[in-house]
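**Q** After the structure tokens below, expect a handful of questions from me.
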Amino acid sequence: SEVRYLVAGDSAVCVEFGNEITGDQQENPRFKIAVEKSDIPGIVETVPTYRSLLVHYHPEVIGFKALTEKFDKLMGSLSSIPIPPPTVIEIPVLYGGEMGPDIENVAEHNHKTVEGIKIHTSEEILIYMIGFIAGFPYLGGMSKEIRNPASEEPEVKIEGGAV
């Protein structure tokens, strides 16, 4: 995929790696590691997203053009940078009753039994990011067999610990 450098105000650059989210994107974490190990003068911090990296810098130390030229040089070495293994977190799940009031609807919508809907505990699910709603995970890789239809009447209260 083509890398783009986008101006983000007077002291940041957004390094964009494509415009789709896939399960195999590795340029961004590798680039973040490369930037942090590079000792490029003037870099303040990096802020990763799934498909881009925002780099804050001091423009009085290094300009946009000089910075992106250094980034271009780093791009050639990305394949040699190892990515640390992901952290796996096991989340206990309770089904039905107060802890899962919509389990019957999800099972019915997907033509499964309530027992069969537990398919999502049989594989790991990737968390793309923790999102705009505090603590809300945006998930990827979840089985299409258990999609949940949007409710016409949203839940007013969901008990803590519900999945």
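**Q** With a/c under 1.5 counting as rounded, go ahead and sort segment 71-129 into rounded, prolate or oblate using the C-alpha gyration tensor (a ≥ b ≥ c being the square roots of the eigenvalues; past the cut-off, prolate if a/b is larger than b/c, else oblate).
**A** In terms of gyration-tensor shape, prolate.
**Q** Then there's this: Using the Kirkwood formula on the Cα atoms of segment 1-108, what hydrodynamic radius do you get, in angstrom to one decimal?
**A** Over segment 1-108, the inverse of the mean reciprocal pair distance is 16.3 Å.
**Q** Which FRET efficiency value, to the nearest 0.05, is calculated for Val114 and Gln26 with the Förster distance at 35 angstrom and r the Cβ-Cβ distance?
**A** In this case the efficiency is close to 0.40.
Each value in this text was obtained by applying a stated rule to the coordinates, not by laboratory testing. Everything numeric in this text was worked out from a predicted model, so none of it was measured. Cβ atoms come from the backbone with ideal geometry, glycine included; neighbour counts cover every protein chain shown.
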